[in-house]
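Asks: So that we are looking at the same thing, I have put the structure below in structure tokens.
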Amino acid sequence: MFDVAKVKSDFPILSREINGKKLSYLDNAATSQKPQVVIDAINNFYKNHNANVHRGVHTLSEEATAMYEEAREKVARFINARHPEEIIFTKGTTEAVNLVAYSWGRKNIKKGDTIAVTEIEHHSNIIPWQILAKEKNANLKVLSIDEEGFVTGSLQGLKPKIVAVSHASNVLGTIQEIKDISREAHLEGALVFVDGAQAVPHMKVDVLSLDCDFYAFSGHKMLSPMGIGVLYVKKEILENMEPYQVGGGMIKEVFFDRATYADIPGRFEAGTPNVSGAVGLGAGIDYLNRIGMENISEHEVGLLNYSLAKLNLVPGLKTYGPTDVKRRTGLIAFTLEGIHPHDLASVLDTEGVAIRSGHHCTMPLHNKLKIPATARASFYLYNTKEDVDALLYGIEKAERILKR
Ligand code: C6P
């Protein structure tokens, strides 16, 4: 295990006071905080190495290119991809889904085909597929989930072209059995797209062993800058995909009547990329590796056990998600009878506790749960039992003020 107090001291923002109270940052599923080493890496890039990549032959451009490509290699190793060329830098998970739906989807989805999503998906892993299905006159099949969020809908006989599923839910924390889904999907002749936005920051992810075809995640949820994300695609699939956006940096030859495109991954990175973001992501990955992903998961399971035990004692409070803490990530969505989640979040803010409230970009899931909104506390490696105690104190305060 690691020293949480030491970890916390690596994050300058965590020593801030909010409304005169110590900050308890429990909104990590929305975005994580950044350690000094990540802030320093971005600073160092702009201070000492800033230049455009893959363009110049001058020293700075070569340094920037080397740093950008080194970040790609770090990402590949981190998720156990076979080749760095299988890693495309995007703005984030949302852009990665759009890229696949646009580029792979427009070429491979035909009239009458089936695209499968699940009831638990984030809007980012629904709408690009919905639009694609509409454009192509294809069917969008929604696979059902059980009350803990596990996918129960079978793919047998469905013969979808692609199955889009989240690895971990941003509301219930449910970790899907992606290996099983991949096996079932491949038997049906489908490819598998995994939205890993809420998984990669919290657990060891191995794309080879999951055997998924596409895997997407966002840097900002894993200690790294906003505006940088990753799309992993199996090389043999990526090589046959058309570009998503076109322009500079992604071509081989251009004439006025035609153009030929660069090899992967450059073909999918049109224009000047987010080099400092990639460098920052590399530094974030180094930090996570130093702590150890298994240690992070274990720490979050400890916080989950501690908080679920306490939250479940609060009268009128209902928590959601799997009962087995080993099958969920470190977040808890809950409702409190008689208090709207937004009101609860506002009272918590007066105590320095940051949580998220609302539908968390999962309206279909909330409709299924028959609730308009939830409050959500989400943990990360720097959170402590004291943060959970502050949350509980804030909940009591909200009940005192709002239920009078
Ligand atoms: N969920 C949350 O508070 P972007 O915004 O592209 O980095 O990530 C989108 C996204 C996709 N899939 C899942 C499972 C997600 O949780 C998110 C982002 C944030 O839950 C913001 S809505």
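Asks: Against the condition on the phi < 0 side of the Ramachandran plot, in the same structural domain as residue 149 (by TED's automatic domain parsing) and more than 19 Å from the chain's Cα centre (by Cα), how does residue 347 come out, does it pass?
Replies: Details: on the phi < 0 side of the Ramachandran plot: yes; in the same structural domain as residue 149 (by TED's automatic domain parsing): no; more than 19 Å from the chain's Cα centre (by Cα): yes.
So residue 347 fails the test.
Asks: Same structure, new question: Among strands (runs of 3 or more DSSP E) lying entirely in segment 213-273, which contain 2 or more residues that are surrounded by fewer than 22 Cβ atoms within 10 Å (Cβ to Cβ)?
Replies: On the way: elements: 214-218, 229-233, 251-254, 259-261.
Counting at least 2 such residues, we get 251-254, 259-261.
Asks: Within segment 157-168, is there a residue that is among the charged types (D, E, K, R), open to solvent by less than 60 Å² (accessible area, probe 1.4 Å) and either in a helix (DSSP H, G or I) or modelled with pLDDT of 95 or more (or both)?
Replies: The answer is no; no qualifying residue exists.
Asks: Do the conditions hold for residue 282, that is, is it out of contact with any strand residue (DSSP E or B) (no Cβ under 7 Å at 6 or more places or on another chain) and open to solvent by less than 30 Å² (accessible area, probe 1.4 Å)?
Replies: For residue 282, the condition - out of contact with any strand residue (DSSP E or B) (no Cβ under 7 Å at 6 or more places or on another chain) and open to solvent by less than 30 Å² (accessible area, probe 1.4 Å) - is met.
Asks: Shifting gears a bit: Being assigned to a helix (DSSP H, G or I) and within 16 Å of the ligand (Cβ to nearest atom) is the filter here, so list the residues in segment 332-343 that pass it.
Replies: Taking segment 332-343 as the starting set, the residues that turn out to be assigned to a helix (DSSP H, G or I) are 341-343.
Matches in segment 332-343: 341, 342.
Asks: A further question follows. All but one of (1) open to solvent by 10 Å² or more (accessible area, probe 1.4 Å); (2) under 28 Å from residue 220 (Cβ atoms); (3) not in a loop (DSSP other than H, G, I, E, B) hold for residue 371; state the number of the condition that does not hold.
Replies: The number of the failed condition is (3).
Asks: In segment 249-262, is there at least one residue being modelled with pLDDT under 95, within 28 Å of the chain's Cα centre (by Cα) and at negative phi?
Replies: yes
Each row is one residue, and each column tells you yes or no for (1) more than 14 Å from the ligand (Cβ to nearest atom); (2) touching a strand residue (DSSP E or B) at 6+ places or on another chain (Cβ under 6 Å); (3) of a type in the set (A, V, I, L, M, F, W, C); (4) not assigned by TED's automatic domain parsing to the domain that holds residue 308.
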| position | (1), (2), (3), (4) |
| --- | --- |
| 177 | yes, no, no, yes |
| 182 | yes, yes, no, yes |
| 202 | no, no, no, yes |
| 213 | yes, yes, no, yes |
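Asks: Just the residues that are within 19 Å of residue 80 (Cβ to Cβ), touching a residue at least 60 places away in the same chain (Cβ under 8 Å) and within 11 Å of the ligand (Cβ to nearest atom), please, taken from segment 156-175.
Replies: The answer is 168, and nothing else.
Asks: Next question, about the same structure. Could you grab me the full set of residues in segment 7-33 that are open to solvent by less than 40 Å² (accessible area, probe 1.4 Å) and either on the phi > 0 side of the Ramachandran plot or within 16 Å of the ligand (Cβ to nearest atom) (or both)?
Replies: Hits for segment 7-33 are 25, 26, 27, 28, 29, 30, 31, 32, 33.
Asks: Another question, then. Within segment 75-93, count every residue that is open to solvent by 10 Å² or more (accessible area, probe 1.4 Å), closer than 19 Å to residue 236 by Cα and not small (Gly, Ala, Ser).
Replies: Within segment 75-93, residues that are open to solvent by 10 Å² or more (accessible area, probe 1.4 Å), closer than 19 Å to residue 236 by Cα and not small (Gly, Ala, Ser) number 7.
Per-residue answers, yes or no, for (1) among the aromatic types (Phe, Trp, Tyr); (2) closer than 17 Å to residue 226 by Cβ; (3) not in a helix (DSSP H, G or I):
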{"residue": "14", "(1), (2), (3)": "no, no, no"}
{"residue": "31", "(1), (2), (3)": "no, yes, yes"}
{"residue": "38", "(1), (2), (3)": "no, yes, no"}
{"residue": "43", "(1), (2), (3)": "no, yes, no"}
{"residue": "48", "(1), (2), (3)": "no, no, no"}
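Asks: Being charged (D, E, K, R) and more than 13 Å from the ligand (Cβ to nearest atom) is the filter here; which residues of segment 366-378 pass it?
Replies: Here is the first cut: in segment 366-378, the residues charged (D, E, K, R) are 368, 370, 376.
Result: 368, 370.
Asks: Can you confirm whether segment 350-365 contains a residue that is buried (at least 18 other Cβ atoms within 10 Å of the Cβ), in a helix (DSSP H, G or I) and more than 13 Å from the ligand (Cβ to nearest atom)?
Replies: No, segment 350-365 has no match at all.
Asks: Please give the number of the condition residue 61 fails out of (1) buried (at least 16 other Cβ atoms within 10 Å of the Cβ); (2) touching a Pro at 6+ places or on another chain (Cβ under 7 Å).
Replies: For residue 61, the failing item is (2).
Asks: Restricting the search to segment 34-58, which residues are surrounded by 13 or more Cβ atoms within 10 Å (Cβ to Cβ) and among the charged types (D, E, K, R)? Break it down stepwise before answering.
Replies: The first filter runs over segment 34-58 and keeps only residues surrounded by 13 or more Cβ atoms within 10 Å (Cβ to Cβ), leaving 34-45, 49-56.
Residues satisfying the conditions are 34, 40, 55.
Asks: Look at segment 250-276 and say how many of its residues are touching a residue at least 12 places away in the same chain (Cβ under 8 Å) and either outside the structural domain of residue 217 (by TED's automatic domain parsing) or farther than 20 Å from residue 100 by Cβ (or both). Please lay out each step first, then the result.
Replies: At the first step, the residues of segment 250-276 found to be touching a residue at least 12 places away in the same chain (Cβ under 8 Å) are 250, 259, 261-276.
Applying the additional criterion that residues be either outside the structural domain of residue 217 (by TED's automatic domain parsing) or farther than 20 Å from residue 100 by Cβ (or both) yields 259, 272, 275-276.
Number of matching residues: 4.
The values are calculated or read from the model by the stated rules, or taken from the named source; none is laboratory data. This one's a predicted model, so the numbers in the text were calculated from it and none came from an experiment. Using ideal geometry, Cβ is built from the backbone for each residue, glycine included, and neighbour counts are taken over all protein chains shown. In case anyone asks, the SASA skips ligands and DNA or RNA and just uses the protein heavy atoms, side chains included. Shrake-Rupley method; radii C 1.70, N 1.55, O 1.52, S 1.80 Å.
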